[in-house]
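Worksheet: one structure, shown below.
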Amino acid sequence: MSLLDTTFDLEVFKAQLNKELNKGLPGFGAQKIMSPSIREHALKKSDPSIAMDSSVLLLFYPKNGQLYLPFIKRTSGNTSHSGQISLPGGKYEESDTNRTVTAIRETNEELGVDCKKIKILGFLTELYIPVSNFMVLPVLGYCKQRPKFKMNPFEVEEVIEMPVSELLSEDNISEFSFTANKLAINAPYFDANGHKIWGATAMILSELRELFLRADLIR
């Protein structure tokens, strides 16, 4: 089954994805495809050995006969990721049993998704984010039906829902350039309804894309 099929079946998708996950992950090589040029510069000023544990949730759900993923536009503020498009998630807290719990808790706090309705499929490769000193675990989960989103206005400015087949299409990948702190930066990105998904989130999606291509879920 490809996600381009008109008769999307969540159970078949879960089985195909689980089968591919059991073969092993594409890894950092797949993530690096969408790495921005600033990453190498940032790594010189950071120390992954003292990174803080965190996680994000890739929450799949059916909508209009297709498989979707939600992203959030973070509110503007003083954090290193303010205003960016990202996956729901955040820092591991001592009250969390593990980083899977972190991802589910943060998704509930940011998007209001009922924790009990989130089922876990597996994980992608950990990714270090030098600008915030986070070691991020991407968690794969799903809801059987489209969640009822209720944004946390202090953290989330907008929810962006994207069909996965469109999001991960080769035609949906571009690159842009900008200057920050007198550095010229080139960054590949996925387009999400006119928003640019780049940086760590794009690197996570890049591994997901390679996994889906391998599983023949997208073409």
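Hey, which of the helices (runs of 4 or more DSSP H) in segment 1-58, taking only ones fully inside, have at least 3 residues that are closer than 18 Å to residue 135 by Cβ and modelled with pLDDT under 95?
Per the criteria, 38-43.
Quick one: would you say residue 96 is in a loop (DSSP other than H, G, I, E, B), modelled with pLDDT of 95 or more and in contact with a Lys or Arg (Cβ under 9 Å, 6 or more places away or on another chain)?
Working: in a loop (DSSP other than H, G, I, E, B): yes; modelled with pLDDT of 95 or more: yes; in contact with a Lys or Arg (Cβ under 9 Å, 6 or more places away or on another chain): yes.
It is true that residue 96 is in a loop (DSSP other than H, G, I, E, B), modelled with pLDDT of 95 or more and in contact with a Lys or Arg (Cβ under 9 Å, 6 or more places away or on another chain).
Of the listed requirements (1) part of a strand (DSSP E or B); (2) touching a helix residue (DSSP H, G or I) at 6+ places or on another chain (Cβ under 6 Å); (3) of a type in the set (Val, Ile, Thr), residue 160 misses just one: (2). As a summary of the residue check, residue 149 satisfies the conditions (1) within 16 Å of residue 59 (Cα to Cα); (2) in a strand (DSSP E or B) except for the one numbered (2). For segment 171-194, residues that are assigned to a loop (DSSP other than H, G, I, E, B) and modelled with pLDDT of 85 or more total 2. Hey, residue 207 hits all of (1) out of contact with any Leu (no Cβ under 6 Å at 6 or more places or on another chain); (2) buried (at least 17 other Cβ atoms within 10 Å of the Cβ); (3) not in a strand (DSSP E or B) but one; which does it fall short on? Going through the list (1) out of contact with any Leu (no Cβ under 6 Å at 6 or more places or on another chain); (2) buried (at least 17 other Cβ atoms within 10 Å of the Cβ); (3) not in a strand (DSSP E or B), residue 207 breaks only (1).
Counting only residues that are outside any helix (DSSP H, G or I) and surrounded by fewer than 19 Cβ atoms within 10 Å (Cβ to Cβ), segment 102-124 holds 7 of them. Give the residue that is least open to solvent (accessible area, probe 1.4 Å), with candidates limited to residues of segment 125-142 that are at pLDDT 95 or above and farther than 16 Å from residue 31 by Cα. The extreme case among them is 141. Taking (1) closer than 22 Å to residue 163 by Cα; (2) open to solvent by less than 20 Å² (accessible area, probe 1.4 Å); (3) not in a helix (DSSP H, G or I) in turn, residue 62 satisfies each apart from (2). Among residues of segment 199-219 that are within 12 Å of residue 170 (Cβ to Cβ), those with a beta-carbon under 6 Å from a residue that is of a type in the set (S, T, N, Q) and open to solvent by 10 Å² or more (accessible area, probe 1.4 Å) at least six positions away or on a different chain give the pairs 218/165.
Output yes when any residue across segment 156-178 is among the aliphatic types (A, V, I, L, M) and open to solvent by 70 Å² or more (accessible area, probe 1.4 Å), and no when none is. No, segment 156-178 has no match at all.
The values are calculated or read from the model by the stated rules, or taken from the named source; none is laboratory data. Keep in mind that this is a model prediction, so the values were computed, not measured. Cβ sites come from the backbone with ideal geometry, for glycine too, and all protein chains shown count toward neighbours. To get the accessible areas, we keep the full protein, side chains included, count just its heavy atoms, and leave off ligands, DNA and RNA. Shrake-Rupley method; radii C 1.70, N 1.55, O 1.52, S 1.80 Å.
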